[in-house]
1. Nearest 10 degrees, 0 to 90: what angle lies between the long axis of helix 157-167 and the longest principal axis of the chain (Cα atoms)?
2. Leaving out ligands, DNA and RNA, what percent of the accessible area of the chain is carbon and sulfur, probe 1.4 Å?
3. Treating only the Cβ atoms of Lys and Arg (+1) and Asp and Glu (-1) as charged, compute the dipole magnitude of the chain about its Cα centre; round to the nearest 20 debye.
4. Over region 100-183, consider all pairs of different Cα atoms and compute the Kirkwood hydrodynamic radius from their mean reciprocal separation; express it in Å, one decimal.
5. Can you tell me the 0 to 90 degree angle between the C-alpha axis of helix 73-98 and the longest principal axis of the chain, rounded to 10?
6. Of Val90, Val11, Leu68, whose Cα points farthest to the positive end of the dipole of the chain (charges on the beta-carbon: +1 Lys, Arg; -1 Asp, Glu; origin at the Cα centre)?
7. Using just the C-alpha positions of region 1-69 as equal point scatterers, what log10 of I(q)/I(0) does the Debye formula give at each q in 0.12 1/Å?
8. Leaving out ligands and nucleic acids, note down the accessible area per residue over the chain with a 1.4 angstrom probe, in whole Å².
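The values are calculated or read from the model by the stated rules, or taken from the named source; none is laboratory data. All of these numbers come straight from a predicted model, not from anything done at the bench. Virtual Cβ from ideal backbone geometry, glycine too; neighbours counted across all protein chains shown. For the accessible areas, the whole protein counts, side chains as well, though only heavy atoms, and no ligand, DNA or RNA atoms are used. Shrake-Rupley method; radii C 1.70, N 1.55, O 1.52, S 1.80 Å.
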Amino acid sequence: MDPSLDATAQVLQKLLLYAFLPVWVLAGFGDWLMHRWQRIEHSAGWRESALHLLMVAEMGVAVGAVLLFEMTATMFVLLLLACLLHEFTVWTDLNYAAARRRIPVPEQWVHSIQIVLPWAGLGILAVIHRGQAAAAIGLGDVPADWSITLKEPPLPIAEVTIAVGAALLLVVVPFVLELIRCLRSARTQHSRPPDSDMR
């Protein structure tokens, strides 16, 4: 933890790292399980799966920035843009999927976690680093720092490795496999000869 932060900020930082991030990763894995159960390769197909990977990439950039870089005004602008872009992609994904398959209640519940946590995380970061968060929108007495600098001191390498490893194992790899499965299904359906029974 960053020793330069006050006690409350250090508690909030631990909450983000040890509660929010694991729950978010598990929600991503749960979402993948729902898609697997629904067999989306036979309904919404590869286009929905591609949107899932796009959302993973959007939030992956944001989480990577938080883990590695100082929370300057630049980082807050980047995180806000990532959250807005993610929100738009979620809206696009749900509109596309809802027209092609049933979205069961458990999947909707998982989606609610995935939608809320990025904004909650951004809010907590704004409380921890309130000077730069306010400066990013032209408020407060602290001058905006528009630099992009690595955390000093950095987060413990073991914690970063576990966070990245869990995200890769439980989110990135499953969703890549989902897209591969959907593409294979689309190729199979495309190559299947049309029904010749015209009786």
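1. 20 degrees
2. With neighbouring chains kept in place, the figure for the chain is 70 percent.
3. The calculated dipole for the chain is roughly 980 debye.
4. That comes to 16.7 Å for region 100-183.
5. It works out to around 20 degrees.
6. Most positive-ward Cα: Val90.
7. -0.47
8. For the chain, the per-residue accessible area is 58 Å².
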